Structures are given as structure tokens and as C-alpha cells.
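Heads up: the structure comes next, in C-alpha cells.
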Amino acid sequence: MDSIRWYFLLFILVALVAEIIWSRYTNKSAFDIQESAGNLAVFVGNQLLKPVSLAWKFLVFDWISQFRFFEIPTNVVTVIIAFLAVEFIYYWYHRLSHEIPILWTLHHTHHSAMKYNLTTAVRLNWLGLFVSPMFYIPLIFIGFSPEIVVSALAVGLFYQYFLHTEAIKKLGALEGVIFNTPSAHRVHHGSNEAYIDKNYGAMLIVFDKLFGTYQPETEKVNYGVTSGF
């Protein structure tokens, strides 16, 4: 597992270097040195906390699993269902993180960046690592294994890293259909009036379409937040 983790980190680093080169040679000014350094410092803190936060997830889920109503077997079908369930809960957790002040206090950190690049993806409040697992407890109650739930969350977070870039433009007919895209997530980070509280999805955009929070990128995005609250 450690070797896989290092491969993922290497892939993330290569993508970041490629984006820096793109920004430099296209004069896009997608990076601010101080802000990006701060983002990476937050990332280092997250990595140092990773063993503790991961242990916390499994501790909570394992404890809850003794009270589960069923024991859902792990196969292709149940893994797909678990993935969709995790996406559904993520949508509502993310949406509530914008609508409930105490959750917004944690999530605000991610949205306060004034530049939008891959380092923005790792600008995450440390306390949020310990709060977010609480929202997935119902999946453990009904019988999904903690390993499947944690794995689905990890895949979603890895995918979202690559949404935080201006290097990938709109994807034409693929926009607003099934998967979240960099264009759709740029909207989510916008402080434009039309963009506020839109596009909450992780890997999928279908729940935004279903619940009326989808907004395509129609104007230049102004990043950051409208206030400190």
C-alpha cells in the first residue's frame, strides 16, 4: 500500500510540474508563489495527519459496523452501488458545507484561494478530515464494508485533484452529462453571483443536475469568497 501511495504522489507531482510549465509558457499567471507555498504547506500537514485521520475513519466505521443491519457482500455490483452511494452523500455533505455556518467555517479554507491551480486542491482544513467520516456512517449501518467506503472516498478525492486547473478547457458535449469536469469545478470555486453554491459533485455531476445546482461555465470565473463568513 505504501508503494501505491508513493506512485500516486509522484503522479500528482508530475501533473503539478506540467501545469506550472503550462502557466509559465502561456502567460496565464495561474500561480501565486506565496499562496501556492501555503497550499503545499497545508498539504504537508494533511499528509502528516493522514495516518491519524485514516485510523479515525476505520475506528469510527469499525465501531459502527457491529450495529449494522445487514452484511453486504463485496462484488462488482455492490462496489458500483457503494460508489454511487458515496457520491450521493458527498454531494450533500459538500452542499451542507456551504449552507451550514459551522461546516462552512471548515470548508472556507478551500475556497479562500485567489488563484486556481492544482495546489488549490490540497488546501483543505485539517479538522475536516475528522468531521467528514461522520456523514458516511449510514452506509456502514446498512452493511457496506468500511474498506469499500474509504476506498470510494479516496478515488473521489484523487479524481477531484485534477479538476483544479485552468489548463483543461471545456470538454464540449461531455460537459454537464455524467462526470464532473475542470470547467464545472471552476464554476464551483467562483464568487460570481451566478456561480455561488453550484456544482457540488465529486466525480459525478448527475446529482447537481438532479437537484438543480448545476451551472455551466458561461463567464470568466472570479476566484475566492465574497466575504470571510
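The values are calculated or read from the model by the stated rules, or taken from the named source; none is laboratory data. Please read these numbers as outputs of a predicted model, since none were measured by experiment. Backbone-built Cβ (ideal geometry, glycine too); neighbour counts: all protein chains shown. Areas reflect the complete protein model, heavy atoms only, side chains present, ligands, DNA and RNA absent. Shrake-Rupley method; radii C 1.70, N 1.55, O 1.52, S 1.80 Å.
Simple spin-label estimate for ALA41 and GLU175 gives 3.7 nm between the two label positions (7 Å along the Cα-to-Cβ direction from each Cα). Under a model in which nothing but the beta-carbon of Lys, Arg (+1) and Asp, Glu (-1) is charged, the range 181-229 shows a dipole of about 100 debye around its Cα centre. Accessible surface ranking for TRP22, TRP92, TRP6, TRP126, 1.4 angstrom probe, highest first: TRP6, TRP126, TRP92, TRP22. Model label sites at SER29 and PHE141, defined 7 Å from Cα along the beta-carbon direction, differ in position by 5.1 nm. Taking Cα centre as origin and charging only the Cβ of basic (Lys, Arg, +1) and acidic (Asp, Glu, -1) residues, the dipole magnitude of the range 37-121 rounds to 200 debye. Quick check: from the Cα gyration tensor, does the range 34-183 come out rounded (a/c under 1.5), prolate or oblate? Oblate shape, in that a/c is at least 1.5 and b/c is the bigger or equal ratio.
A helix-only calculation puts the chain at -18500 deg cm²/dmol for mean residue ellipticity at 222 nm, using -39500 (n - 2.57) for each DSSP H run of at least four residues, averaged over all residues. With a simple spin-label model that places each label point 7 Å from the Cα along the Cα-to-Cβ direction, the separation between VAL77 and VAL225 comes to 4.5 nm. A simple count of charges around GLY143, restricted to other residues whose Cβ falls under 12 Å of its Cβ and scoring Lys, Arg +1 and Asp, Glu -1, yields 0. The angle between the Cα long axis of helix 33-65 and the longest principal axis of the Cα atoms of the chain comes to about 10 degrees, rounded to the nearest 10.
Among the GluC sites (Glu not before Pro) found in the range 67-123, those both in a DSSP coil and sparsely packed, with 13 or fewer other Cβ atoms within 10 Å of their Cβ, are GLU71. Considering only alpha-carbon pairs that sit under 8 angstrom and 6 or more positions apart, the relative contact order computed for the range 110-229 is 26 percent. Given an 8 Å cut-off on Cα distances and at least 6 residues of separation, report the relative contact order of the chain as a percent. So the answer I get is 23 percent. The dipole here belongs to the chain: it is taken about the Cα centre, uses +1 on the Cβ of Lys and Arg and -1 on the Cβ of Asp and Glu, and is about 260 debye.
Summed over the residues of the chain and divided among them, the accessible surface reaches 54 Å² per residue at a probe radius of 1.4 Å. Do the alpha carbons of any pairs in LYS57/LYS198; LYS28/LYS209; LYS28/LYS198; LYS28/LYS169; LYS169/LYS198 sit beyond 20 Å of each other, and which pairs? Too far apart for the 20 Å limit: LYS57/LYS198; LYS28/LYS209; LYS28/LYS198.
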